[in-house]
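The values are calculated or read from the model by the stated rules, or taken from the named source; none is laboratory data. What you are looking at is a predicted structure, and each value in this text was computed from that prediction instead of being measured. Cβ placement follows ideal geometry from the backbone for every residue including glycine, while neighbour counts extend to all protein chains displayed.
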Amino acid sequence: MVTTAPLVGQSVKRKEDPRLLTGNGRYLDDIRLPNTHHMAVRRSPYGHANILSIDTEAAANLPGVVGVFTAEDLKDSVKPLPCGMPAGGVENHLPPHRVLAQDRVRYVGDAVAFVVANDPYIAHDAMELIDVQYQELPAVVDAARAVEPGAPQLHDEAPGNICMHWTAGNKDDTDAAFANAEVVVKHHIYNQRLIPNPLETRGTLANYDAGTEETTLWVTSQLPHVHKILLSAFVLDIPEHKLRLIAPEIGGAFGSKIFLYADMALTAWASKHLGVPVKFVETRMENYVATQHGRDQTQDIELAARRDGTMLGLRVKSLANLGAYPSTIAPGVVTALFGRMVSGAYRIPAIWVEVDGVYTNTAMVDAYRGAGRPEATYLVERMVDLLADELAMDPVDVRRKNFIPPDAFPYTPPDLGMLPYDSGNYAVTLDRALNHVNYSALRAQQEEGRKAGRLMGIGISSYVEVCGLAPSSWIQKQGWGGPMYESAEIRVLPTGKISAVTGSLSHGQGHETTFAQIVADEFGVGMGDVEIKYGDTAGAPFGMGTYGSRSLAVGGTALQKSAQKIKEKILAIGANLLEVAPEDVEFDHGSVSVKGAPGSSKTLAEIAFAAWLNTGVPAGMEAGLEATTYYDPPSCTFPFGTHICVVDVDPDTGHVDIIRYVAVDDVGPVVNPMIVDGQLEGGIAQGIGQALFEGAVYDKFGYLLTGSMIDYAVPRASYLPNFELDRTVTPSPISAFGSKGVGEAGTIASTPAVANAVVDALSHLGIRDLQMPITPQRVWHALQQPK
Amino acid sequence: MTRIITLRVNGKSYENEVSPRLLLVHYLRDVLGLTGTHIACDTSQCGACTVMFNGESVKSCTMLAVQADGGEVKTVEGLATNGKLHPLQQGFWEKHGLQCGFCTPGMLMSSLNLLQRNPDPTPDEIRHALEGNLCRCTGYQNIVAAVQWAAQEMKAKPAAGVAE
Ligand code: FES
Ligand code: FES
């Protein structure tokens with residue numbers, strides 16, 4: 001009998017890479033169907049305007065154009081895009097989000113009309129020939145201004161531009177805590193708007209088959225099953241069993257491919273209407289104006305404490321800019337995933353959070369890598385540093401004093417409505433990170449350097465986040481109208497090869513590898529014998545997709561459960577074939593053998609063959625060898641860690657140079673360390689992007705000033721340091737392997753670490769805060785202010 | 001009005017009638033069906049479309065197909081020889097230099113250009129050379145490691161990295 005080392009825990013090279021390295025990945029725009037036509041969308045150049053007239057004649061007359069359509073053409077067959085996650089437990093004002101604007105446009109990028117032509121260049125030419133007359137209206141882009149009396153109003157259905165007012169926590173206890181406080185620190189934060197920037201933009205290819213009356217949509221989607229049900233049940237005139245969605249290779253998403261977009265409905269409608277395949281692929285500039293943005297919260301925060309640094313109470317008031325219409329899950333994200341996480345890694349006895357969701361004349365805002373948790377973590381980590389500064393304490397000591405202690409888990413933040421934090425040992429990650437940077441020596445260096453005019457800063461961020469998003473019962477209370485389990489269907493094929501279909505969906509995370517490691521170990525076979533599939537709704541169990549760092553914790557557990565079900569049957573069939581009782585056999589390394597007589601055995605292939613040919617299946621048992629699981633976990637998982645950033649600030653130019661970046665994360669046991677590190681590195685880079693470089697800016701008319709990659713600073717290789725990674729391992733009691741989730745941790749942790757470092761570098765000059773992105777210009781201006 | 005262009009792509013000769021405004025990247029993708037070369041921006045910022053043209057890396061979204069007339073193009077599809085991955089491809093695989101893979105073809109071609117000019121680059125030199133290529137997934141650390149891996153490999157086995 002061969003013994004193979006378990007694959008789980010090893011840095012196995014990715015199965016998906018050879019195709020991606022040779023140009024054989026099939027992304028949306030790479031799919032070629034005969035006679036494919038191309039769609040181009042005419043978008044509003046105004047932030048807010050009435051549509052006076054639309055003249056499509058010149059466009060329609062261009063040779064190659066097969067159709068030009070406006071809201072009028074669709075009004076009987078395409079309904080508005082629904083919001084699937086209003087804020088839980090409160091009244092939400094959800095004005096319709098039409099796939100083409102009717103009478104009025106509400107942001108630059110709002111779709112007004114579209115063209116279908118036999119060539120993409122012609123489609124764009126024709127789109128520009130559509131003559132739209134507008135009457136411009138006053139616009140409002142800033143959430144704080146949008147709620148002022150007299151502000152331009154976007155929707156009759158949402159008076160005062162308010163989507164909802166939501167609260168969490170205990171107001172009376174919090175008021176009492178503030179009344180008894182020895183020190184109160186107040187702060188205002190604008191957590192700026194970001195543009196997600198997956199390298200692949202979004203798109204849809206629709207094909208209506210007149211023979212089968214089935215519509216197939218290839219969509220850049222993180223959750224094709226959910227998109228299918230939303231489109232069929234709420235938007236399109238296509239019954240669910242006649243609609244198939246396929247997510248092909250996805251070139252990154254970071255949340256932006258979760259949401260329902262107009263082009264999905266427009267291409268589906270046009271393909272059926274015109275009888276040709278219709279493809280739409282965004283240009284990058286379209287992606288900037290019309291694909292959902294992230295963050296954009298304006299926050300007022302107060303922290304009450306004792307003079308010894310003990311935190312007593314936290315008050316948070318946030319205005320969440322939702323953009324022009326309610327996006328698919330936006331109101332739920334800015335409440336549940338933000339407001340219920342504001343206390344971070346700390347035991348704060350009294351908390352009160354208020355969130356107002358606000359409509360403005362800007363692109364819609366929804367979940368972007370971290371989704372609510374970066375905004376929560378940034379505020380609490382900045383507040384800790386401000387408190388330390390106020391009390392002249394070391395920020396390390398303030399963190400240590402207030403950490404939820406290891407013996408307090410499972411820990412539920414008081415009255416906040418969050419699920420219990422599953423497990424943790426926060427001080428250990430802090431200590432390790434401090435050791436890595438040699439903290440006390442660094443502080444001494446800083447002190448020394450300051451005498452010579454050197455501006456060196458050390459920033460710490462100790463985060464905790466909620467991952468493995470589930471269970472259905474909890475998330476439904478937060479407003480989500482669907483389930484939150486994950487499915488896994490495993491089939492051991494007649495020759496013993498294994499095909500596993502997961503309801504989650506890789507868009508760069510490497511599911512084909514990590515999930516194959518799990519399945520291969522369960523059955524004691526090699527990676528090469530396992531195929532992981534996902535992304536096609538045809539014939540696959542309903543699945544929830546990938547976001548919220550949930551694939552492994554929820555989807556991986558589902559896979560393991562299906563494998564266990566199949567293994568019971570393998571034992572039964574194996575025993576039957578070996579003519580012994582099931583108790584007398586064991587399954588190990590891909591074969592069933594009689595206990596104590598390893599020579600007497602049947603291989604997985606022999607058993608699978610018997611199972612499918614129905615030769616040797618015990619009486620009363622069905623043929624076949626497969627199992628499906630819908631795993632709905634009892635709770636979420638809570639990864640944590642400490643990141644430390646060390647910066648040098650150039651006193652003359654304000655330029656920030658990251659000289660060390662140390663991350664000690666605890667995401668539970670890891671299946672593939674190489675992939676986990678990759679997730680962290682990419683996540684940290686995105687978080688640094690927010691701290692130092694990125695920010696979407698609108699002018700007061702609603703025009704996006706950062707409208708292309710020239711104006712919006714996606715970090716480049718030379719902007720970023722080498723990251724030094726380490727981890728501790730605290731298993732979660734919730735998931736199969738104790739894994740917690742890692743997709744968003746880096747992004748959540750790094751932004752405050754960097755901001756704290758830059759502020760720390762300048763703190764001796766009396767500088768208490770800098771607004772993100774902390775550009776050289778902002779630093780330089782702060783340095784010029786008289787103190 | 002169309003023009004006839006003749007060029008070699010990955011060692012094969014092509015002659016096509018194209019519109020003068022057709023971008024080289026669209027020619028490669030839509031006329032020749034070589035979809036490994038990607039498009040990720042409209043302002044020459046991202047580098048996803050990078051190919052080798054007459055031995056140097058160019059952004060194929062910033063060149064017209066007619067400008068490539070008579071030239072020699074190499075795309076990611078032409079990087080492996082006889083089914084054997086180029087050391088750069090191998091390096092990206094070994095070092096996990098890709099996640100979603102969308103930036104990867106452009107990264108490979110820009111890295112190839114770098115290693116032709118500088119066979120033993122430092123991490124800083126690699127980061128500088130890849131300034132024109134955006135990756136949103138990896139944070140670049142493993143891309144730097146991948147290029148270093150390939151440089152070592154090509155030094156050890158010089159024949160492995162010859163770009164013909
Ligand atoms: S497509 Fe972005 S540089 Fe060519
Ligand atoms: S691997 Fe996704 S953009 Fe680079």
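Residues being closer than 20 Å to A:Q292 by Cα and either polar (S, T, N, Q) or at pLDDT 95 or above (or both) are represented in segment A:48-63 by at least one member. For first residues located in segment A:142-155 and in contact (Cβ under 8 Å) with a residue 40 or more places away in the chain, partners that are of a type outside the set (G, A, S) and surrounded by fewer than 16 Cβ atoms within 10 Å (Cβ to Cβ) and lie 6+ apart or on another chain with Cβ distances below 7 Å form the pairs A:P152/A:P138. Among the candidates A:E489, A:E512, the residue that is within 26 Å of A:E586 (Cα to Cα), modelled with pLDDT of 95 or more and away from ligand 1 (no atom under 16 Å from the Cβ) is uniquely A:E489.
Of all the criteria given as (1) closer than 19 Å to A:E465 by Cα; (2) surrounded by fewer than 24 Cβ atoms within 10 Å (Cβ to Cβ); (3) out of contact with any strand residue (DSSP E or B) (no Cβ under 7 Å at 6 or more places or on another chain), the one not satisfied by A:D308 is (1).
Per the conditions (1) modelled with pLDDT under 95; (2) in a helix (DSSP H, G or I), the sole criterion not satisfied by A:G574 is (1).
For segment B:5-43: of the residues being within 11 Å of another protein chain (Cβ to nearest Cβ) and small (G, A, S), which is farthest from A:E249 (Cα to Cα)? Among those that are within 11 Å of another protein chain (Cβ to nearest Cβ) and small (G, A, S), it is B:S19.
I want to confirm something. Restricting to segment B:64-97 and keeping residues that are of a type in the set (G, A, S) and in contact (Cβ under 8 Å) with a residue 60 or more places away in the chain, which single residue is farthest from the other protein chains (Cβ to nearest Cβ)? Checked segment B:64-97; the qualifying residue farthest from the other protein chains (Cβ to nearest Cβ) is B:G70. For segment A:357-393, the tally of residues that are within 27 Å of A:D760 (Cα to Cα) and in contact (Cβ under 8 Å) with a residue 24 or more places away in the chain stands at 24. Within the option set B:C46, B:C61, B:C100, being touching a residue at least 60 places away in the same chain (Cβ under 8 Å) and either within 13 Å of chain A (Cβ to nearest Cβ) or assigned to a helix (DSSP H, G or I) (or both) holds for one residue only, B:C46. Does A:V662 satisfy being closer than 18 Å to B:T138 by Cα, among the hydrophobic types (A, V, I, L, M, F, W, C), surrounded by fewer than 24 Cβ atoms within 10 Å (Cβ to Cβ) and under 20 Å from the mean Cα position of the chain (by Cα)? Criteria not met by A:V662. If you go through segment B:129-149 one residue at a time, do you hit one that is farther than 20 Å from B:T43 by Cα, away from every other protein chain (no Cβ under 11 Å), away from ligand 2 (no atom under 15 Å from the Cβ) and of a type in the set (A, V, I, L, M, F, W, C)? Yes, segment B:129-149 contains at least one residue that is farther than 20 Å from B:T43 by Cα, away from every other protein chain (no Cβ under 11 Å), away from ligand 2 (no atom under 15 Å from the Cβ) and of a type in the set (A, V, I, L, M, F, W, C). Candidates A:A538, A:A611, A:A619: the one that is outside the structural domain of A:N672 (by TED's automatic domain parsing), over 30 Å from A:H507 (Cα atoms), surrounded by fewer than 24 Cβ atoms within 10 Å (Cβ to Cβ) and among the small types (G, A, S) is A:A619. For A:S763, are the conditions met, namely being touching a residue at least 12 places away in the same chain (Cβ under 8 Å), farther than 27 Å from B:G139 by Cα and touching a strand residue (DSSP E or B) at 6+ places or on another chain (Cβ under 6 Å)? So A:S763 fails the test. Scanning segment A:230-251 for residues that are touching a residue at least 12 places away in the same chain (Cβ under 8 Å) and in a helix (DSSP H, G or I) yields A:L230, A:L231, A:F234, A:V235, A:E240, A:K242. The residues of segment A:112-151 that are out of contact with any strand residue (DSSP E or B) (no Cβ under 8 Å at 6 or more places or on another chain) and of a type in the set (G, A, S), listed by number, are A:A139, A:G150, A:A151. On the given criteria, is B:E153 in contact (Cβ under 8 Å) with a residue 40 or more places away in the chain, of a type in the set (D, E), in the same structural domain as B:L23 (by TED's automatic domain parsing) and away from ligand 1 (no atom under 16 Å from the Cβ)? No, not satisfied. Every condition in (1) within 16 Å of ligand 1 (Cβ to nearest atom); (2) more than 30 Å from A:L194 (Cβ to Cβ) is met by B:F102 except one, and the failing one is (2). Residues that are under 25 Å from B:Y27 (Cα atoms) and buried (at least 24 other Cβ atoms within 10 Å of the Cβ) do occur in segment B:93-100. Consider segment A:476-515 and keep the residues that are farther than 27 Å from A:P18 by Cβ and among the charged types (D, E, K, R). The one that is nearest to the other protein chains (Cβ to nearest Cβ) is A:E486.
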